[in-house]
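Just so you know, all these numbers are worked out from the coordinates, no wet-lab data involved. Quick caveat, the model's predicted, so the values are computed rather than measured. For neighbour counting, all protein chains shown are included, and Cβ atoms are generated from backbone atoms with ideal geometry for every residue, glycine included.
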Amino acid sequence: MFVSLTGFDLSLAAVLVLLLALLSWRMQLGLAPRLLLAALRTTVQLLLVGLVLKWVFEQASFLWVMLITTVMLTVAGWEILSRQKRKLKGWWGFGISTGSLFISSFTVTLLALTVIIQPDPWYHPQYAIPLLGMLLGNTMTGIALGMDRLVQTAWQQRAVIEQRLMLGQTAHEAIGDIRRESMRAGMIPIINSMAAAGIVSLPGMLTGQILAGAAPVEAVKYQILIMFLVSSGTGFGVVSVLWLISKRLFDQRERLRFDLLLK
Amino acid sequence: MSSISFSISRLSVLHLHDVQIDIHQGECIGLSGPSGSGKSLLLRALADLQEHTGEICLQQKKQVDFKPCDWRKQVALLPADSQWWGDTVAEHFRSVDESGLQQLGFEKDVMSWQVSRLSSGEKQRLAFLRLLENQPQVLLLDEPTANLDAANSGVVEQMIRHYLESHKACAVYVSHDLEQLSRIADRQFKIVSGQLESA
C-alpha cells in the first residue's frame with residue numbers, strides 16, 4: 001500500500017510549523033523568522049530537487065549523474081568550511097575538505113554500485129544519487145566535526161605542541177593526541193547512530209522505504225548496508241582530512257605554522 | 001680555548017638582523033636586553049621553531065642537514081613557561097634520574113604527582129630536568145630561574161655549569177639579572193635595536 005500525499009496534506013503539516021512560529025513570537029523566543037525561513041527553504045529546495053530527480057531518472061544519462069554529483073560535492077565542501085570556527089585560507093581549506101569528501105564518499109559509493117548492489121546500468125540515478133547523497137551528508141558532518149576539533153584544539157594547545165617539538169618529538173607525535181581526539185569527535189555521531197539503530201530510533205531511510213511499501217526485512221537489509229557504507233565512508237574521510245590538515249599545520253622544518261593554514 | 005661547537009652566522013629573524021656568534025665547547029653565553037627586544041625569538045630560531053635566514057651549525061654540521069626532531073634534541077630550548085600535557089609528572093619523562101631529582105630537591109615520588117599540583121618553581125626545575133633527558137649539546141635557556149628562590153637558583157646554576165663540563169656542551173643563557181649573568185656566563189651579549197652587541 002502506498003498513500004500519495006496531496007498539497008492539502010502538506011499544508012496541514014505546515015500549519016503546525018506556523019503555530020510554533022506564532023507561539024515563539026508570543027513568547028518572544030526570537031526563533032520565528034529563522035524557523036519560517038528554514039521551512040520555506042526546505043519546501044523550495046526539496047520541490048526543486050524532486051523535479052530535477054524526476055527529469056534525471058527519465059534521462060538515466062551518465063553525464064547528468066556526473067553533473068549532479070559534482071554539484072552535491074561542491075556544496076558539501078563549502079558547507080564543511082562554513083562550519084569551521086577558525087576560517088581556513090581559501091582554496092586550501094576547500095581543497096582539503098572537498099578532496100577528502102570526494103575520496104571517501106565517491107570510492108565507497110562506486111564500490112557499492114559496482115560490486116554490491118549492481119543496478120543496470122551501474123550509475124542508474126535511482127540508486128547512485130540517493131546513495132551518494134546519504135554518504136555525502138554523513139561524511140560531511142564527520143569531516144566538519146573532526147576538522148573543527150583538530151584546528152580549534154591545536155590552536156588552543158599550540159604552546160603544548162611546540163613544547164613537545166622542543167623535546168625532540170616529530171610533528172606527527174607532537175599533534176598525535178589531538179588527532180586521536182579529533183578522530184573520535186568525527187566518528188562519534190555515526191558510531192552512536194549504529195549502536196542505537198532499531199532500538200532507540202528507526203533510521204530515516206528505513207522509515208521511508210517502509211512508508212513506500214517495501215517489506216520490512218528488505219528495508220532493513222538496505223539500512224544495514226547503508227550504515228556500513230556510511231560509517232566506513234565517514235571514517236576514511238575523517239582520517240584523510242585529519243592527516244592532510246595536520247600535515248599542513250607544519251612546514252617542512254616541522255614548525256607549527258598557523259599562518260599557512262588560517263586566515 | 002676548546003673547539004667551536006655551535007656557530008651562528010648572518011642569522012636574521014623578523015626584526016633581529018645579522019646575528020653572528022661562535023660558541024665554544026663548555027662555554028656559557030649570557031644574553032640580555034629589554035623585554036620585546038627579541039631574546040626569546042633568537043632562541044626559537046636557534047631551535048628551528050621560527051623561520052629565519054642565515055646559517056647555524058652544530059659541530060660543523062648545518063641545521064638544515066639535521067632532521068628537525070634530531071636538531072631539537074641536540075639544540076634544546078627551555079622556554080620561560082614550560083608546558084605539560086599529561087596528568088602526572090611521570091608521563092613527561094622516559095626514565096627516573098634519581099640523582100638529578102635529589103639535586104633539585106625532589107623525592108622520587110614526585111613522579112607520581114599531579115602536574116596541576118606543581119608550583120611554578122617546581123615546574124621550572126622539573127622542566128629543566130626533562131630537557132636534559134635528551135643529553136643535548138646546546139642548552140638554550142630562557143630565564144631558567146625566574147620562578148626560583150635564591151637557594152634553588154644557585155642549585156640550577158651549578159647543575160648547568162656541571163652539565164656543560166661533563167657533556168662538553170654549551171649554553172645560551174637569557175636573563176634580566178645582570179649579576180646572575182656575570183656569575184654564570186663566560187661572555188655576555190645584549191640585544192640593542194635589533195643587533196647583537198658584546199656587553
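Counted by neighbouring Cβ atoms within 10 Å, the residues B:Leu104, A:Leu48 run from fewest to most as A:Leu48, B:Leu104.
Using C-alpha pairs under 8 Å with a sequence gap of at least 6, the mean separation divided by the residue count of chain A gives a relative contact order of 24 percent. Computed from phi, the 3J(HN,Hα) profile of segment B:77-93 under the Karplus parametrisation 6.51, -1.76, 1.60 (θ = phi - 60°) reads 9, 9, x, 4, 10, 7, 10, 9, 10, x, 7, 9, 4, 4, 4, 9, 10 Hz, with x in place of Gly and Pro. Here the extension length gained between B:Val192 and B:Ser166 equals 6.0 nm, from 0.36 nm per residue of separation less the Cα-Cα distance.
Expressed to the nearest 5 percent, the antiparallel share of DSSP beta bridges inside segment B:4-198 is 50 percent. Under 16 Å Cα-Cα from A:Lys85, which lysines qualify once same-chain neighbours fewer than 8 residues away are excluded? Output for A:Lys85: A:Lys263. Here the contact order of chain B, divided by its residue count and restricted to Cα pairs under 8 Å and six or more residues apart, works out to 32 percent. For peptide A:164-175, the mean count of partner chain Cβ atoms within 10 Å of a residue's Cβ comes to 6.
Which angle between 0 and 90 degrees, to the nearest 10, do you get for helix A:90-101 versus the longest principal axis of chain A when only C-alpha atoms count? Orientation of helix A:90-101: about 60 degrees from the principal axis. This ranking places A:Tyr123, A:Tyr222, B:Tyr173 by how few other beta-carbon atoms lie within 10 Å of each, fewest first, which gives A:Tyr222, A:Tyr123, B:Tyr173. For the pair A:Tyr222 and B:Lys61, a Förster radius of 60 Å applied to the C-beta separation gives a FRET efficiency near 0.45, rounded to the nearest 0.05.
Each residue of segment A:129-134 is assigned a 3J(HN,Hα), and the resulting list reads 6, x, 4, 4, x, 5 Hz, derived from the Karplus form 6.51 cos²θ - 1.76 cosθ + 1.60 (θ = phi - 60°), x at Gly and Pro.
When B:Phe128, A:Phe258 are arranged by Cβ crowding within 10 Å, least crowded first, meaning fewest neighbours, the order is A:Phe258, B:Phe128. The phi-based Karplus calculation (6.51 cos²θ - 1.76 cosθ + 1.60; θ = phi - 60°) puts the 3J(HN,Hα) values of segment A:54-61 at 4, 5, 5, 4, 5, 6, 6, 9 Hz, whole numbers, x for Gly and Pro. For B:Cys170, nonlocal amide neighbours, meaning residues 5 or more places apart or on other chains whose placed amide H falls under 5 Å from its own, are B:Gly26, B:Val138, B:Leu139.
Against chain A, whose longest principal axis comes from its Cα atoms, helix A:216-248 is set at around 30 degrees.
Within chain B, what's the longest run with no trypsin sites (Lys or Arg not before Pro) in a DSSP loop and at most 16 other beta-carbon atoms within 10 Å? Give the range, please. Spell out each step's value before the answer.
Values: sites that count: B:Arg94, B:Lys168.
It works out to B:1-93.
Axis of helix A:7-26 versus longest Cα principal axis of chain A: the two differ by about 50°, to the nearest ten degrees.
Beyond 26 Å in Cα-Cα separation lie the following of the pairs A:Lys87/B:Lys73; B:Lys73/B:Lys168; B:Lys67/B:Lys168; A:Lys89/B:Lys73; B:Lys39/B:Lys123; A:Lys89/A:Lys247: A:Lys87/B:Lys73; A:Lys89/B:Lys73.
Using a Förster radius of 45 Å, what is the FRET efficiency between A:Ala39 and B:Ser116 based on their Cβ-Cβ separation? Nearest 0.05, please. After rounding, the FRET efficiency stands at 0.40.
Dipole magnitude for the protein assembly as shown: about 1160 debye, using +1 per Lys or Arg Cβ and -1 per Asp or Glu Cβ, origin at the Cα centre.
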